[in-house]
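Worksheet: one structure, shown below.
The values are calculated or read from the model by the stated rules, or taken from the named source; none is laboratory data. For clarity, every value in this text was computed on a predicted model and none was experimentally measured. Methodologically, a virtual Cβ is constructed for each residue, glycine included, from the backbone with ideal geometry; neighbour enumeration extends over all protein chains shown. With ligands, DNA and RNA removed, areas are computed over all heavy atoms of the protein, side chains included. Shrake-Rupley method; radii C 1.70, N 1.55, O 1.52, S 1.80 Å.
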Amino acid sequence: MHAIIGGSGLAKLADLKLERREVVRTPYGDPSCALSFGAIDGAEVVFLARHGYGHTIAPHQINYRANLWALHHVGATEVVAIATVGGIRADFGPGALVVPDQIVDYTHGRKGTFFEGDAPVTHVDFTEPYAEPIRARLLAAAAAAGEPVAAGACYGCTQGPRLETAAEIRRMERDGCDLVGMTGMPEAALARELSLPYGVLAVVANHAAGLGDSRRAISMAAMGVVMEAAMVRARRVLAAYLRASIAAGAAR
Ligand code: HPA
């Protein structure tokens, strides 16, 4: 079964034929919301809104462990996460869709592992943080849907909830980051610890701080307008992804 984690701007999946909701309790506390089960174009899907259905949970307060554990517990076999991001690379302007392939983690104080306490110390390989087959299928789906999507980018994950300073973005650029968001970690690492294949479709809402039309400030109003239009395209890519996955017999 496919799991979809929706971020800002995607608290509900419009295309989802909702069959039931389930509140899952986990050893790590409560997930962001009840899980929604249903179908999109015939593909069985479980959906979770990362910030809660009312968008009430800040990035640093999300219980990433409970979210991933719950999805795994109900039988998800892969996770596609939608991430709202700022664009650092010059060609990643507002509205761009990107499938990242790398991560730099700038967060702190988040509970980022299942392997502590009574669990034995375990080091997972994280060289390639995203599942390549999911990346490839997302890109193929985008091509099939006629939506331009950039292949490959480094996602820098900041702590939030405030946006970055211009100097922080310059540093991230020097570090090789192409995108900046607040929720990519520890989500991706926890998925890896559960051996859950995980990929991201990133939606660029704005030029990152100090860049392009965000040179002096980031306009929240402009961000909202961009996201509304871009999420329609992201949903199209997701639907094509799920259709192709059914055809390929993946993630049953
Ligand atoms: N920075 C961090 N997270 C974001 C941004 C940004 O500029 N835009 C959307 N999410």
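Residues of segment 91-124 that are free of Cβ contacts under 8 Å to residues at least 12 places away in the same chain and either over 24 Å from GLN61 (Cβ atoms) or within 16 Å of the ligand (Cβ to nearest atom) (or both): ASP118, PRO120, VAL121, HIS123. Going by the structure shown, is ARG215 away from the ligand (no atom under 14 Å from the Cβ) and among the basic types (Lys, Arg)? So ARG215 fails the test.
Check THR122, THR113 and return the single one that is of a type in the set (S, T, N, Q), surrounded by fewer than 14 Cβ atoms within 10 Å (Cβ to Cβ) and part of a loop (DSSP other than H, G, I, E, B).
Working: THR113 fails: surrounded by fewer than 14 Cβ atoms within 10 Å (Cβ to Cβ).
Answer to the check: THR122.
Does ILE82 count as open to solvent by 10 Å² or more (accessible area, probe 1.4 Å) and either within 16 Å of the ligand (Cβ to nearest atom) or acidic (Asp, Glu) (or both)? Spelling it out, it is not the case that ILE82 is open to solvent by 10 Å² or more (accessible area, probe 1.4 Å) and either within 16 Å of the ligand (Cβ to nearest atom) or acidic (Asp, Glu) (or both).
For segment 140-155, residues that are over 16 Å from LEU242 (Cβ atoms), modelled with pLDDT of 95 or more and open to solvent by less than 40 Å² (accessible area, probe 1.4 Å) total 4.
Scanning segment 89-110 for residues that are over 18 Å from ALA189 (Cβ atoms) and either of a type in the set (Asp, Glu) or open to solvent by 10 Å² or more (accessible area, probe 1.4 Å) (or both) yields ARG89, ALA90, ASP91, GLY93, PRO94, GLY95, ALA96. If the condition is being open to solvent by 10 Å² or more (accessible area, probe 1.4 Å) and either under 12 Å from the mean Cα position of the chain (by Cα) or closer than 20 Å to GLY87 by Cβ (or both), then segment 190-200 contributes no residue at all. Scanning segment 156-199 for residues being part of a strand (DSSP E or B), within 13 Å of the ligand (Cβ to nearest atom) and closer than 25 Å to ALA140 by Cβ gives a total of 2.
Hey, among ARG233, ARG216, which residue is more than 20 Å from ALA136 (Cβ to Cβ) and of a type in the set (D, E, K, R)?
Working: ARG233 fails: more than 20 Å from ALA136 (Cβ to Cβ).
Sole residue among the options that is more than 20 Å from ALA136 (Cβ to Cβ) and of a type in the set (D, E, K, R): ARG216.
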